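Chemist: The structure that follows is given in the form of structure tokens.
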Amino acid sequence: MCNFNSGILLQNTIEHEGALPFHYQFLAGAVAGVSEILVMYPLDVVKTRIQLQVGSGAKAEYNGVVDCFTKIIKTEGPSRLYKGITAPILMEAPKRATKFAANDEFTKFYKKLFGVKEMTQPLSILAGASAGATESFVVVPFELIKIRVQDRNSPYKSVPDAFFKTVKNEGVLALYNGLEATLWRHIVWNAGYFGIIFQIRSLLPKAETSSQKTINDLTAGAIGGTFGTIFNTPFDVVKSRIQNTVLKPGEVRKYNWAFPSLLTIYKEEGFAALYKGFLPKVLRLGPGGGILLVVFTATMDFFRGIHYKDQK
């Protein structure tokens, strides 16, 4: 999951440039999302590796982002930084369709429920959290397979191999291991992101040009995304560990539900362990959001030219 939720930035672009039918928005969002994955995916691999390792300091295999990058390239080869990328690429289209549709529908639903016409910060948080929870049901199987392939000691050769062996050995429902932790991860991230970004946008000076609007969007998005990441990283760590657990006969699951797992990690490894992988997530946030916005805008301009040309 790109942790930079582009929903508001993309929606603002749509409103600013002129509305197009949903299928154009969906396609442009998918193209932008896949482009961001292709460029920024290595940071996701590094994040997962750091989150999965137990211990810190001298006991840790990876001592930071640079060390992790260096060791992966040196011992496993550069291609390893892209292992498992098929899963998020396949996930991007259904995830983005769900994100767009859910956020739009929940926004309309809550406006009607509370009898308001204008979006407020509480409604932004509520709609964002609801959309995030809905999105979780789509992304969990893809995330689980991706995590298992990214692991340093992964027994799986590829995404299809991980999928079929997981289903064969653990059953179809195993694909939804970590659903509860994923729900918390998405609910907390989206609530934090949408709540913060709504407030930041109201504080920024009104944009008079398209370039200033882009700067405002990127500023608000980066700040909102950073806070969202601060809030949800502990749940992301727990999710990674739950999903990467393959039990042997008679073995008891160490990480199961989100909050007991948070407590276990805190007791055994300390508070800092709950923020393992935070730095690569934040490093991905800024440039990843820029890629999303630039590619989405360019793709929408392309579709806009086709759409209005056909209407002439």
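Chemist: Under 23 Å Cα-Cα from LYS254, which lysines qualify once same-chain neighbours fewer than 8 residues away are excluded?
Modeler: Partners within reach: LYS47, LYS59, LYS146, LYS165, LYS168, LYS239, LYS267, LYS276.
Chemist: Within the chain, what whole-number % of the accessible surface is contributed by carbon and sulfur, with the 1.4 Å probe and all protein chains included in the calculation?
Modeler: The nonpolar share, carbon plus sulfur, comes to 66 percent.
Chemist: Still on this structure, please answer the following. Would you list which lysines come within 26 Å of LYS112, measuring only between C-alpha atoms, while excluding same-chain residues fewer than 8 positions from it?
Modeler: Counting by Cα, and skipping residues close in sequence, LYS112 has these lysines nearby: LYS95, LYS99.
Chemist: Right, something else. Go ahead and set up a Gaussian network model of the chain, Cα springs under 10 Å, then flag whichever of GLU251, GLU170, GLU180 fluctuates most.
Modeler: GLU251
Chemist: Please work out the Cα center distance from segment 20-48 to segment 120-134, rounded to the nearest Å.
Modeler: That distance is 21 Å.
Chemist: Averaged over every viewing direction, what's the projected area of the C-alpha convex hull for segment 176-247? Give it in nm², one decimal, please.
Modeler: Average of the hull's projected areas for segment 176-247 equals 5.5 nm².
Chemist: Can you quote the Å³ per residue value for the convex hull of the Cα atoms in segment 123-260, rounded to an integer? It would help to have the intermediate numbers written out before the result.
Modeler: On the way: hull volume 18.1 nm³, N = 138.
That works out to 131 Å³ per residue.
Chemist: While we're on this one: Would you list, by chain and number, the aspartates and glutamates whose Cα falls below 20 Å from the Cα of LYS71, excluding same-chain residues fewer than 8 positions away?
Modeler: ASP44, GLU61, ASP151
Chemist: If you don't mind, another one. Calculate I(q)/I(0) for the chain by the Debye formula, one identical point scatterer on each C-alpha and no solvent, and give its log10 at q = 0.09, 0.11 Å⁻¹ to two decimals.
Modeler: With one equal scatterer per Cα and no solvent, log10 I(q)/I(0) is -0.46, -0.69.
Chemist: Additional query: If each residue of separation counts as 0.36 nm, what is the full-extension length gain between VAL39 and THR219 once their alpha-carbon separation is subtracted?
Modeler: Values: separation 180, 0.36 × 180 = 64.80 nm, distance 2.07 nm.
Fully extending the segment from VAL39 to THR219 adds 62.7 nm.
Chemist: Sticking with this one: Counting alpha carbon pairs within less than 8 Å and at least 6 residues apart, what relative contact order, in whole percent, applies to segment 39-285?
Modeler: Relative contact order of segment 39-285: 24 percent.
Chemist: Enter the accessible area per residue of segment 44-130 (Å², integer; probe 1.4 Å; all protein chains in place).
Modeler: Per-residue value: 51 Å².
Chemist: Sort ILE200, ILE125 by heavy-atom solvent-accessible area, probe 1.4 angstrom, most to least. Could the numbers behind the result be given before it?
Modeler: Numbers: ILE200 30, ILE125 60 Å².
The most accessible residue leads, giving ILE125, ILE200.
The values are calculated or read from the model by the stated rules, or taken from the named source; none is laboratory data. As the structure is a computational prediction, the values presented were derived from the model and not from experiment. What goes into the accessible areas is simple: the full protein's heavy atoms, side chains included, and nothing from ligands, DNA or RNA. Shrake-Rupley method; radii C 1.70, N 1.55, O 1.52, S 1.80 Å.
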